[in-house]
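Colleague: Submitted below is the structure of interest, expressed as structure tokens.
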Amino acid sequence: ELLALKKELDKEFEEIKAQGLALDMSRGKPSNAQLELSMEMMDVLKGNSDLKCETGVDCRNYGVIDGIPEAKRLLGEMSEVDPEHIIIYGNSSLNVMFDSIARSMTQGVMGNTPWCKLDKVKFLCPVPGYDRHFKITEFFGIEMINVPMTPQGPDMDMVEKLVAEDPAIKGIWCVPKYSNPQGITFSDEVVERIAALNPSAEDFRIIWDNAYCVHDLTDDGDKLANIFDILPKYNNEDMVIEVCSTAKITFPGAGVSAIIASDNNIAAIKKRLNVETISYDKMNQQRHVQFFKNADGVRAHMKKHAKILKPKFDMVINHLEKELGGKGIASWFKPKGGYFISLDVMNGCAKRVGELCKEVGVTLTNVGATYPYGYDYDDKNIRIAPSYPPIDELDMAAELLCICTQLACIEKLVG
Ligand code: PLP
């Protein structure tokens with residue numbers, strides 16, 4: 001029976017291959033239609049002769065190292081934190097994360113030994129996760145330890161045990177809302193347990209990458225508990241470094257990013273900032289403030305994104321349900337936001353799915369990339385990025401992905 005099905009799928013596969021398609025579901029980029037949503041932002045400063053921020057500093061000139069107050073307020077409201085605890089940076093939160101790790105390596109964290117002077121530095125990496133996080137820790141020679149994700153967030157029994165036992169573990173990567181790639185939002189219990197961690201390393205830091213804090217696809221989006229409200233209960237105020245950005249709100253690569261942290265962390269960071277730059281791009285901060293006005297403006301804008309994105313997510317999920325559902329060869333989550341769908345196929349089949357997809361002209365995120373060192377020990381995870389392709393192309397790409405998944409799994413089953 002399997003062989004008959006394989007024959008049928010092989011035939012379909014060859015027919016499609018002959019069409020010479022070129023479909024791309026590899027990177028989580030907004031589509032052109034989404035970018036259009038923010039084009040008016042380019043005009044908000046026009047005809048505005050007074051480009052002073054509310055403290056009177058001219059945004060066209062040097063000054064205000066940590067961000068104009070109105071931008072702090074906007075991003076503070078957006079991520080539900082006190083503007084006092086925010087530093088506004090440049091165009092990329094990834095850059096801020098890299099910088100945080102670099103600073104910990106060379107200068108140490110708040111008076112502790114610089115990590116580069118230690119024999120071993122390790123980081124916990126919830127998997128599957130964001131490839132670029134893993135690239136940063138790999139770059140600095142930090143040993144990465146996989147921690148499996150559960151539907152509620154990282155496996156906290158494992159996290160608690162490891163950080164308590166091993167002082168070489170200096171941090172953990174977290175994407176707490178609509179995680180990349182699974183779209184999982186950490187449950188209240190997980191956030192509480194993270195805030196309550198009792199690590200052996202005094203300079204243990206949680207990188208709380210809230211990249212998708214306002215990126216709901218539906219009106220009943222997930223709610224993430226505010227970790228900064230919980231940390232004081234456990235005297236852990238200094239343990240979390242949160243980052244966010246407007247990359248997938250306005251323009252990726254041309255947005256505004258921010259760090260959110262305790263008074264102690266902010267003071268330590270500011271000391272260095274004055275050496276690093278004279279000031280970030282306040283014109284862009286102004287542009288964002290004037291375009292959105294406040295967090296309600298951001299939320300209204302995100303509804304427009306959702307209107308474009310939701311049908312694409314639905315399209316992929318429908319294909320998965322219709323073509324792979326109930327067959328016992330694949331599983332996935334149905335995210336309420338974020339940028340990705342994570343597909344787990346039968347162990348040992350993901351790389352083959354990637355190869356087959358490539359043959360029929362569908363580009364996926366490199367299989368394995370969702371794991372440290374690009375190595376998925378089960379060879380099962382595939383990251384689907386539905387945002388960029390037009391919906392008719394996505395329709396075809398998702399269909400092909402399902403065919404390739406079935407083919408790879410049958411190949412494995414029939415040996
Ligand atoms: N963090 C996560 C979890 C992401 O998925 C991405 C982009 O895909 C980024 C950060 C990059 O953000 P930025 O453009 O602000 O550097």
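All of the numbers you see were taken from the coordinates with simple rules; none came from a lab. Since the structure is predicted, the reported quantities are computational estimates derived from the model, not experimental observations. Cβ: placed from backbone, ideal geometry, glycine included. Neighbour counts: every protein chain shown.
Colleague: Filter the trypsin sites (Lys or Arg not before Pro) in segment 119-227 down to the DSSP loop ones having no more than 10 other Cβ atoms within 10 Å, then list what survives. Each step should come with its number before you reach the end.
Modeller: On the way: sites: Lys120, Lys122, Arg132, Lys135, Lys161, Lys170, Lys177, Arg193, Arg205, Lys223; in loops: Lys120, Lys177, Lys223.
Here the sparse-neighbourhood loop sites are Lys223.
Colleague: Tell me, what ³J(HN,Hα) does each residue in segment 12-28 have, in order and in whole Hz, if you take phi through Karplus 6.51 cos²θ - 1.76 cosθ + 1.60 with θ = phi - 60° and put x for Gly and Pro?
Modeller: So the Karplus estimates, Gly and Pro as x, are 4, 4, 5, 4, 5, 4, 5, 6, x, 6, 9, 10, 10, 10, 9, 10, x Hz.
Colleague: What list of ³J(HN,Hα) couplings, whole Hz, do you get for segment 298-314 from phi and the Karplus terms 6.51, -1.76, 1.60, once you set θ to phi - 60° and write x for glycine and proline?
Modeller: Once rounded to whole Hz, the list reads 5, 5, 5, 5, 5, 5, 5, 4, 4, 4, 7, 7, 4, x, 6, 4, 4.
Colleague: Beyond 32 Å, what share of the Cα-Cα pairs of the chain remains, rounded to the nearest whole percent? All intermediate terms of the calculation are to be shown ahead of the outcome.
Modeller: On the way: 33884 of 85905 pairs.
Every Cα pair in the chain considered, those over 32 Å come to 39 percent.
Colleague: Then there is this: Per DSSP H run of at least 4 residues, take -39500 (n - 2.57); add these up for the chain, divide by its residues and hand me the 222 nm value, nearest 500 deg cm²/dmol. List each step's numbers first, then the result.
Modeller: Working: 13 runs with 166 residues, N = 415.
Helix-only estimate at 222 nm: -12500 deg cm²/dmol.
Colleague: Taking every alpha carbon pair in segment 13-56, what does the distance histogram look like in 10 angstrom bins from 0, in percent?
Modeller: 18, 23, 22, 16, 10, 8, 3
Colleague: ³J(HN,Hα) across segment 282-288 via Karplus (A = 6.51, B = -1.76, C = 1.60, θ = phi - 60°), whole Hz, x for Gly/Pro?
Modeller: Per residue, the Karplus-derived 3J(HN,Hα) values read 6, 4, 5, 4, 4, 4, 5 Hz.
Colleague: Loop only by DSSP, 14 or fewer other Cβ within 10 Å of the Cβ. Give me the chymotrypsin sites (Phe, Trp or Tyr not before Pro) in segment 1-101 that pass, ordered by residue number.
Modeller: On the way: sites: Phe13, Tyr62, Tyr89, Phe98; in loops: Tyr62, Tyr89.
In loop regions of segment 1-101 (DSSP not H, G, I, E or B), the sparsely surrounded chymotrypsin sites (Phe, Trp or Tyr not before Pro) are Tyr62.
Colleague: Moving on to the next point. How much of the DSSP beta bridge set in the chain is antiparallel, as a percent to the nearest 5?
Modeller: Bridges in the chain that DSSP calls antiparallel: roughly 45 percent.
Colleague: Going by how many other Cβ atoms sit within 10 Å of their own, how do Met302, Met396 line up, fewest first?
Modeller: Details: Met302 22, Met396 18.
Ascending Cβ contact count within 10 Å gives the list Met396, Met302.
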